[in-house]
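The values are calculated or read from the model by the stated rules, or taken from the named source; none is laboratory data. These numbers come from a predicted model, not from an experiment. Every residue, glycine as well, gets a Cβ built from its backbone with ideal geometry; the counts of neighbours run over all protein chains shown.
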Amino acid sequence: MENLLYYPYINIPQTDWTKRVLLYYDKVASIVPQRYFYHPEDYDPFMKDMVRMELVEPVNPLEVLEHPWRISAPFIDYIKSEDFKLKKRLNAFQLGKFGRIHRDKFALNGPRIHIDKFDGEIFYQLEQAGLAVRQDGEWYIVEQRTANELMNFLASVIGGKLKYQPTTDTVRKRFKPGESKKEFQAFTIQNEKRELILNELIPFPKQLDLAQLKKFKEKHLDILKAFKNCIELIVLNPAIEEGTPLFVETINELKLRKEELSAKMNENKFGKIFYGTVCGIIGAGVGLATAGTLGGVIVGLPGFANAVYSALQIERAEDIFDQSGMKYLALADKRLTRRPANS
């Protein structure tokens, strides 16, 4: 996919990761509560600048989803299922593991629209289960894992609807639903090997001047796309093994394109150019296998994955995309520090 949907936060951080995705992807979007469209001053300064310059597209769930109230039902079913492991989450919540979620991301209410059933049902069920507490008029405190899944769920449904790939700037360190320990270890080993090989290959400017970046992107979109596609070929194609002639050939092509891009960046006086590595592929969605279409949905999926599938069916998304491997340039930098979970 050429477009990314950032989650779980409203504001996209001012980091090296952001520089990469802004440069190498056609569109970058973020899920934004409706009130931000009326009060853009609520954005962080960096996010406000990106939105103003149309480098980031704010996505309002109310405008995107055809059935925003109905898609809450599959998630509520998941909350009530054995797969949800309520007792374990309650213990975690009591130990202080929680995140903050803005109600408008699920309420989908505007200045003249009452809080609808989607908001009422989801948060009512979580409050009844002991996993959510309303902090004030706009925020709910939600148990951490459940908060993550709520935002994952919403991003997956909106991403499926818009054909945007959900992505995040945090490194995946846990299993995906339905993934075995052996599969996760194999993923980690393969990832580490390719990190070493792909070290110092991705050029991006140290100083991020948004006006400069936008101008460069518009002028050299074809070169940026070719470079990104070359990286995706070598990283997302399991048939290209390390040490094979095709692998070596692709690496050499990457190096040539790297020099070409670096020269263009220097011509545009970007300042110092960094050459970054990329980290492990983030299973930012729910790790759904390549089902292709809704007609190919497999019965008996893990509870959370099934909730996403069911919501996509309600929204009639034509394709369920493969979220088991994120686009490689949309990966987190290991040096990124964790930020408070305000969603």
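What number of residues within the stretch 13-66 satisfy the criterion of being touching a residue at least 60 places away in the same chain (Cβ under 8 Å), assigned to a helix (DSSP H, G or I) and hydrophobic (A, V, I, L, M, F, W, C)?
Qualifying residue count, the stretch 13-66: 6.
Identify, by number, the condition in (1) over 24 Å from V133 (Cβ atoms); (2) crowded, with 22+ Cβ neighbours inside 10 Å that Y7 doesn't meet.
(1)
Which one is surrounded by the fewest Cβ atoms within 10 Å (Cβ to Cβ), of the residues in the stretch 16-39 that are polar (S, T, N, Q) and within 15 Å of the chain's Cα centre (by Cα)?
T18
Would you confirm, using the coordinates I've provided, whether L4 is among the aliphatic types (A, V, I, L, M) and in a helix (DSSP H, G or I)?
no
For (1) farther than 14 Å from S156 by Cβ; (2) in the same structural domain as P74 (by TED's automatic domain parsing); (3) modelled with pLDDT of 50 or more, each residue gets a yes or a no:
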residue	(1), (2), (3)
I231	yes, no, yes
M265	yes, no, yes
K269	yes, no, yes
V286	no, yes, no
V299	yes, yes, no
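Quick one: how many residues across the stretch 134-150 are at pLDDT 85 or above and over 18 Å from L86 (Cα atoms)?
0
Got a sec? Which of L95, L55, L131 is closer than 20 Å to Y36 by Cα and either at pLDDT 85 or above or surrounded by fewer than 16 Cβ atoms within 10 Å (Cβ to Cβ) (or both)?
L55
Being of a type in the set (A, V, I, L, M, F, W, C) and free of Cβ contacts under 8 Å to residues at least 24 places away in the same chain: is that true of L95 here?
Yes: the conditions hold for L95.
Taking T167 and the conditions (1) outside the structural domain of F46 (by TED's automatic domain parsing); (2) hydroxyl-bearing (S, T, Y); (3) at pLDDT 75 or above, which numbered condition does it fall short on, given that it satisfies the others?
(1)
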